[in-house]
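Step one of this worksheet: look at the structure below.
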Amino acid sequence: MNDRELSCSAGGQFMDRGRMNQNGVVQPLLTDLYQITMAYAYWKSDKTDDTAVFDLFFRNNPFHGEFTIFAGLEECLKFLDSFHYSQSDIEYLKQTLPEGIENEFFEYLGNLTARDVTLFAIDEGTVAFPRVPIIKIEGPLIIVQLLETTLLTLVNYASLMATNAARYRMVAGKHVKLLEFGLRRAQGPDGGLSASKYSYTGGFDGTSNVLAGKLFNIPVKGTHAHAYITSFSSIGELKTRLIKHKQTGIMEDLLEHAVRHRQMLSHVLDVSTEESSEGELAAMVSYAIAFPDGFMALVDTYDVKRSGLLNFSAVALALNDLGYHALGIRIDSGDLAYLSCLARETFEKVAERFKVPWFNKLTIVASNDINEDTILSLNEQGHKIDCFGIGTHLVTCQRQPALGCVYKLVEINGQPRIKLSQDVEKVTMPGNKNAYRLYSADGHALIDLLQKVSEPPPAVGQKVLCRHPFQESKRAYVIPSHVESLYKVYWKAGKICQQLPTLEQVREKVQISLKTLRNDHKRTLNPTPYKVAVSDNLYNFIHDLWLQNAPIGELS
Ligand SMILES: Nc1ncnc2c1ncn2[C@@H]1O[C@H](COP(=O)(O)OP(=O)(O)OP(=O)(O)O)[C@@H](O)[C@H]1O
Ligand SMILES: O=P(O)(O)OC[C@H]1O[C@H](OP(=O)(O)OP(=O)(O)O)[C@H](O)[C@@H]1O
Ligand SMILES: O=C(O)c1cccnc1
Ligand SMILES: [Mg+2]
């Protein structure tokens, strides 16, 4: 067994494989069959020495937005680093590919690595735009072709997820905490792990996914489920009521304190103790005994107003008697604007009446099918939510379940290649290109400019003609105050060539990069498209090649 097989069979998908940790599922056979059949056909037609350039880019921003966050680069680099067909991969291919494939091809595959590939990319966590390649990859045609599907699967969902999360962060504002609760609803275990990782990249504060916490060093957070509350039906079921006073260390009866406070609270809050649930009280007392310093309770199991808030406040006051401060509540149904305001009012009343000012600061977590629109609507209505727990809509990217990154051949043996289409949007930008981001004096990104690699980069303070790639009349002169060359060489001669940022640093990069975008590009409703242009030189080059390649029709 080789390293990869060992790491998979050991039960964990992410095992330390020597140099770097990578999901064991990410391996050369995680691809479409046609990459390997093409590899054989290239090999048969003696194309092993051909060199190619491919661009990896998307054509449209997701979620009706005008920006995308690029994520997944580190995983692509790890994939290149470990790219190698194992003996069992080769055996499997021998059995699976059509008969008659020459044995030398399998020997060739067995020796294939990504050593001769060069990968250029924009930094992970940067905002990216349609048609500007986020990755550009050069090298032997066969190997760069073989990388297509795996690189796409590593970038597409990661970028979609990071973008989705960044959008939630934008609408929630920077002071509200965002927790990812989606594992149970994710597209399988791997989707769940990626969702946790890239929602953190995009700006979430933590996840309930424990394995993601361990693997990626993301804060893990959580409350409890309704099952905990409904597992108790009366206080008689409490097997233990005792808890150590935090300061004195003396054991005291938490239930007794809670029942006393509940009685007083029923007058202050105008809720009858008869109406509230005794089982809920018992559950909260027992949870508080287990986590006296981290008491956070679900208050909507029976009725937030008539039961949950009363029982929570009683238990929180009981904990306070014993030197502990509760953390807060979670509301998982009903009108979240109204109920969060009601909860805050309740806490303020209790804070004043019982002289516990910290009650004002209790955390209110809201969950239940929350999406971007719900948060926007809650903001309009006014709410007192401090933290959103978001699952389904976030991790499944329900509003748009896929980002359409593609991988297109743009040059072979130094000759440009163009893919024509009736749909102008789908015509590829031929040739080996560089990408620049031009900034205005106030630090905002103005335009992304693609040029042929042979052209000198745009210079600060000098007028540069920026042209729409396909509409002749759309052009503008730009005088940049700052020019950013977007590509760095990330992989060359079998090595990662940049110091890779930590997940935390990529997460910071997302926020820094988003700040360079004008607000009108970021607004949720009808955002202004960000401009992507080509140099005059590249424009002419594309259109000449287009004419050369487009067949001339005949009318008769
Ligand atoms: N004030 C609000 N404004 C807009 N949307 C809200 C508001 N409060 C809750 N929502 C959303 O409305 C939807 C309510 O869904 P649903 O009717 O399934 O919940 P519920 O009946 O309150 O809860 P459950 O069925 O879990 O008891 C959820 O998506 C929730 O996020
Ligand atoms: O709503 P989401 O954004 O997906 O967030 C996660 C949900 O998962 C949990 O309950 P679950 O949905 O399993 O049960 P419930 O529908 O009864 O609340 C939690 O209470 C949330 O409602
Ligand atoms: O910790 C929580 O509250 C949680 C975790 C996962 C799903 N729903 C809620
Ligand atoms: Mg739910």
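Each reported figure results from applying straightforward, stated rules to the coordinates on display, with no laboratory input. As the structure is a prediction and not an experimental result, all values here were calculated from the model. As a convention, Cβ positions derive from the backbone with ideal geometry for all residues, glycine included, and neighbour counts pool all protein chains shown.
Amide H to amide H distances under 5 Å link GLU252 with ILE243, LYS244, HIS245, where only residues 5 or more positions off or on other chains count and H is placed in the peptide plane. When segment 223-385 is described by a simple charge dipole with +1 on each Lys and Arg Cβ and -1 on each Asp and Glu Cβ, the residue from GLY382, PHE347, ALA227 located farthest towards its positive end is PHE347.
Couplings for segment 296-308, taken from phi via the Karplus curve 6.51 cos²θ - 1.76 cosθ + 1.60 with θ = phi - 60°, read 9, 10, 7, 10, 10, 5, 10, 6, 4, 6, 7, 9, x Hz in order; Gly and Pro are left as x. Averaging 1/r across all pairs of distinct Cα atoms in segment 223-385 and inverting the result yields a Kirkwood radius of 15.8 Å. Residues TYR338, TYR407, ranked from the fewest to the most other C-beta atoms within 10 Å, line up as TYR338, TYR407. The relative contact order of the chain comes to 18 percent, based on Cα pairs under 8 Å that sit 6 or more residues apart. From the largest down, the chain spans 89, 59, 51 angstrom on the principal axes of its Cα atoms. A cut-off of 5 Å between modelled amide H atoms, ignoring neighbours fewer than 5 places along the same chain, links ARG518 with ALA445. Near the amide H of ASN60, within less than 5 Å, lie the amide hydrogens of GLY404, all on another chain or at least 5 residues away, with H placed in the peptide plane. Using the Karplus relation 6.51 cos²θ - 1.76 cosθ + 1.60 with θ = phi - 60°, the per-residue 3J(HN,Hα) values for segment 315-330 come to 5, 5, 5, 4, 4, 4, 4, 9, x, 10, 10, 5, 8, x, 10, 10 Hz, with x marking Gly and Pro. Taking Cα atoms, how many degrees apart are the long axis of helix 372-381 and the longest axis of the chain, rounded to 10 and kept between 0 and 90? Here the helix axis deviates by roughly 40 degrees. Axis angle, to the nearest 10 degrees, between helix 33-44 and the longest C-alpha principal axis of the chain: 20 degrees. Here the Karplus curve 6.51 cos²θ - 1.76 cosθ + 1.60, taken at θ = phi - 60°, turns the phi angles of segment 238-251 into couplings of 6, 7, 9, 10, 8, 8, 6, 4, 4, 8, 7, x, 6, 6 Hz, with x standing for Gly and Pro. Diffusion of segment 49-117 by Stokes-Einstein, at 10 °C in a medium of 1.306 mPa s and with Rh set to the Kirkwood radius over alpha-carbon pairs, works out to 102 µm²/s. Charge tally around THR516: other residues with Cβ under 15 Å, Lys/Arg +1 each, Asp/Glu -1 each, net -1.
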